[in-house]
1. Give the residue that is modelled with the lowest pLDDT, with candidates limited to residues of segment 184-196 that are more than 9 Å from the ligand (Cβ to nearest atom) and surrounded by 21 or more Cβ atoms within 10 Å (Cβ to Cβ).
2. Tell me, please, whether a residue that is more than 24 Å from residue 147 (Cα to Cα) and in contact (Cβ under 8 Å) with a residue 24 or more places away in the chain can be found in segment 16-24.
3. Please tell me if residue 156 is out of contact with any strand residue (DSSP E or B) (no Cβ under 7 Å at 6 or more places or on another chain) and at pLDDT 95 or above.
4. Taking the condition part of a loop (DSSP other than H, G, I, E, B) and either within 16 Å of the ligand (Cβ to nearest atom) or exposed (fewer than 15 other Cβ atoms within 10 Å of the Cβ) (or both), does residue 130 pass?
5. Out of all the residues in segment 197-213, is one or more away from the ligand (no atom under 11 Å from the Cβ), in contact (Cβ under 8 Å) with a residue 12 or more places away in the chain and touching a helix residue (DSSP H, G or I) at 6+ places or on another chain (Cβ under 6 Å)?
6. With respect to residue 171, is the statement that it is near the ligand (Cβ under 10 Å from one of its atoms) and either in contact with a helix residue (DSSP H, G or I) (Cβ under 8 Å, 6 or more places away or on another chain) or touching a residue at least 40 places away in the same chain (Cβ under 8 Å) (or both) true?
7. Taking the conditions exactly as written (surrounded by fewer than 18 Cβ atoms within 10 Å (Cβ to Cβ) and either under 20 Å from residue 192 (Cβ atoms) or out of contact with any helix residue (DSSP H, G or I) (no Cβ under 9 Å at 6 or more places or on another chain) (or both)), does residue 151 satisfy them or not?
8. If you take the residues in segment 1-40 that are within 16 Å of the chain's Cα centre (by Cα) and in a helix (DSSP H, G or I), which one is farthest from residue 183 (Cα to Cα)?
Ligand code: SF4
């Protein structure tokens, strides 16, 4: 089963139970509609000179106060900051369905949630392919709202990446992202191969053929 479909089924609450043929067909249709959207975009930037202390990470001249992020980036002198969005067309697609076909809207919501993770995975695979030539790896992603990292860092990341201008990504006063199906995240760049292969699934990794740490 495609990873995106598996993830969408998980969001819909199908654990070990099989979904009906009609739900499976609806997921496939929603994925097809979504892949035709012109507004899916991501941007990233690799920062050198990252400093990590007990509970403060300094990156790109900005201080992030979070013990969780510090632990996540421990030993990393470089890090990648990522912003990704399915765009406003995805929100409109979902809102339109909510008016006319609620069950399809629920499926679309799950497929969109899985799809934005796939977009982030694609971005991380691209970053990884850039740093691999230097024998480096990428840790999994860490986002505002994880652990003790305040959600307010959404706006800090958006500003440092100029995300509103570049991909139309903003956040509200309560730091919710708009468009809704969007992600901001930070991933460490590390020489430690054991920390690789988290979000960048080995199965889709551009370095898989040559990597002795590739997981099944
Ligand atoms: S194959 Fe897996 S462990 Fe190796 S570089 Fe790719 S993601 Fe990392």
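1. 190
2. Here is the first cut: in segment 16-24, the residues more than 24 Å from residue 147 (Cα to Cα) are 16-24.
Next, only the ones that are in contact (Cβ under 8 Å) with a residue 24 or more places away in the chain stay: 23.
Scanning segment 16-24, I find at least one residue that is more than 24 Å from residue 147 (Cα to Cα) and in contact (Cβ under 8 Å) with a residue 24 or more places away in the chain, so the answer is yes.
3. On the way: out of contact with any strand residue (DSSP E or B) (no Cβ under 7 Å at 6 or more places or on another chain): no; at pLDDT 95 or above: yes.
Criteria not met by residue 156.
4. On the way: part of a loop (DSSP other than H, G, I, E, B): no; either within 16 Å of the ligand (Cβ to nearest atom) or exposed (fewer than 15 other Cβ atoms within 10 Å of the Cβ) (or both): yes.
No; evaluated as a whole, the condition is false for this residue.
5. Initially, segment 197-213 is screened for residues away from the ligand (no atom under 11 Å from the Cβ), giving none.
No: segment 197-213 contains no residue that is away from the ligand (no atom under 11 Å from the Cβ), in contact (Cβ under 8 Å) with a residue 12 or more places away in the chain and touching a helix residue (DSSP H, G or I) at 6+ places or on another chain (Cβ under 6 Å).
6. Working: near the ligand (Cβ under 10 Å from one of its atoms): no; either in contact with a helix residue (DSSP H, G or I) (Cβ under 8 Å, 6 or more places away or on another chain) or touching a residue at least 40 places away in the same chain (Cβ under 8 Å) (or both): yes.
So residue 171 does not fit the description; no.
7. On the way: surrounded by fewer than 18 Cβ atoms within 10 Å (Cβ to Cβ): yes; either under 20 Å from residue 192 (Cβ atoms) or out of contact with any helix residue (DSSP H, G or I) (no Cβ under 9 Å at 6 or more places or on another chain) (or both): yes.
Criteria met by residue 151.
8. Among residues in segment 1-40 that are within 16 Å of the chain's Cα centre (by Cα) and in a helix (DSSP H, G or I), the one farthest from residue 183 (Cα to Cα) is 3.
The values are calculated or read from the model by the stated rules, or taken from the named source; none is laboratory data. Everything numeric in this text was worked out from a predicted model, so none of it was measured. Heads up, the Cβs are rebuilt from the backbone with ideal geometry, glycines too, and the neighbour counts pull from every protein chain shown.
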